[in-house]
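Right, one structure below, let's go through it.
The values are calculated or read from the model by the stated rules, or taken from the named source; none is laboratory data. The structure displayed is predicted, hence computed values, not measured ones. Positions of Cβ are generated from backbone atoms using ideal geometry, with glycine treated the same way; all protein chains shown enter the neighbour counts. Side chains are part of the model used for accessible areas, which takes the heavy atoms of the whole protein and leaves out ligands, DNA and RNA. Shrake-Rupley method; radii C 1.70, N 1.55, O 1.52, S 1.80 Å.
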Amino acid sequence: MTEELGCYIHTHRDIMTFSFCGACERVLPDDAFDEEQRRRRQSVRRCEDCVAAGNELVLMKRGTARDEEDVCSVCQLPLPIAMRESMLQPCCMKRVCNGCILSAKKCGIIKNGCPLCRAPIAKEREGLAMVIKWAAVLDPVAVCFLGSLHTCGGYGLEKDPKHAIELCQKATDLGAKDAHFILGDAYRKKWETCSTEVGSDCDTCRDKSFQHYEKAATEGHIFARFKLGVLEYKEGHRDLALQHFLISAKMGHKQSMNNVKRLLTEGISTEADCAEAQQDYEAAVEEMSSTSREEAKKMGADKIRTYFRSSP
């Protein structure tokens, strides 16, 4: 659910207010929640029964592993978390890790073409035309990528925040989790800009930011999960922040792992939390590693891109 639930039952004396529990997913009377929980968003609110039973929030049970499609289209290993360590190919709208690009180039498998579909490397304007062509047939990755280009002004496009939001909203309808993350960022920036002002628009931006981050996180988006941890920490919900950081750390996110250790010094996480997270973090990093990726990382993303487009 993406909106605050409020149910009202009229009796002969008063109005009974109901709220949603983010753990058992039931609509319950407000007196089923303690005062602290009532102040929280519905997605992170638990009724007293769920608190007593130790029932987890649904938000913390979904998206605890990376999406099966979150792999390099060539080697099929989980993609590196750092976006600079892979490239989205506009010809086929598939992401390929820098390790595979470097290996394909060195072995002569490709000359000046895509490591996956072998299409010639496009210049900026040609690449944009390819993206637009894919977006026209409602490819979710292309629609999302086009939205991101309007967000930052890439591929020669001017920044157009309004159009970016429209495109990313369309991409979410097509199932692109990255679009939820981009929208979460967009609404967060609006919310932070107007945070010193009083008004419903500011509250709306805050709600939309959390909604999109949460949707992306429950689909295994690492950066969305990390952002939620940061936001919850800032709002004083250290217990929720820890849960988010533990999830993203176990998927191989270094900064999340560092934050879990930091929370240990604050008495929020435990030695057991850190040990378990560290073990899973190292396993995730190992799963993303290969000899070619390490070589590409040492070479540097910018040099890989130049090498990729150079003549054989």
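Here are a few things to note about the model shown:
- Of GLN211, GLN278, GLN76, the one that fluctuates the most in a GNM where the chain has Cα springs shorter than 10 Å: GLN76
- Estimated from helices alone, the mean residue ellipticity of the chain at 222 nm is -17000 deg cm²/dmol (sum of -39500 (n - 2.57) over DSSP H runs with n ≥ 4, per residue).
- FRET efficiency estimate (nearest 0.05) - Cβ-Cβ, THR204 to THR270, R0 45 angstrom: 0.75
- Probe 1.4 Å, accessible area per residue of the chain, Å²: 54
- Put simply, when 39-45, 145-151, 61-67 are sorted by average Cβ atoms within 10 angstrom per residue, most first, you get 145-151, 39-45, 61-67.
- ALA283 sits among other residues whose Cβ lies under 12 Å from its own Cβ, and their net charge, with Lys and Arg +1 and Asp and Glu -1, is -4.
- Inter-site label distance for ALA283 and CYS152 at 7 Å from Cα along Cβ, in nm: 3.2
- Student exercise, the chain dipole from Lys, Arg, Asp, Glu Cβ charges, in Debye to nearest 20: 1760
- Stokes-Einstein, applied to the Kirkwood radius of segment 18-61 over Cα pairs at a viscosity of 1.567 mPa s and 4 °C, places its translational diffusion at 131 µm² s⁻¹.
- Accessible area of the chain belonging to carbon and sulfur atoms, whole % at 1.4 Å probe: 51
- For the set LYS162/LYS208; LYS61/LYS162; LYS227/LYS298; LYS61/LYS159; LYS94/LYS215; LYS123/LYS303, the pairs lying more than 25 angstrom apart at their alpha carbons are LYS61/LYS162; LYS227/LYS298; LYS61/LYS159.
- C-alpha long axis of helix 254-265 to longest principal axis of the chain, angle in °: 40
- Taking Cα atoms only, the orientation of helix 140-152 departs from the longest principal axis of the chain by about 90 degrees.
- Compactness relative to 2.2 N^0.38 Å, alpha carbon Rg of segment 159-238: 1.08
- For the chain, taking Cα atoms only, Rg and Dmax work out to 22.3, 83 Å respectively.
- Long-range amide H partners of SER19 with built H, under 5 Å: LEU28, ASP30
- Protection proxy ranking of 50-57, 173-180, 152-159, by the mean of other Cβ atoms within 10 Å over each peptide's residues and highest first, is 173-180, 50-57, 152-159.
- Rounded to the nearest 20 debye, dipole of segment 18-61 from Cβ charges on Lys, Arg, Asp, Glu: 280
- The GluC sites (Glu not before Pro) found in segment 173-249 that occupy coil by DSSP, while having at most 14 further C-beta atoms within 10 Å, are GLU197, GLU235.
- Helix 177-193 axis, angle to the chain major axis (alpha carbon atoms, nearest 10°): 60
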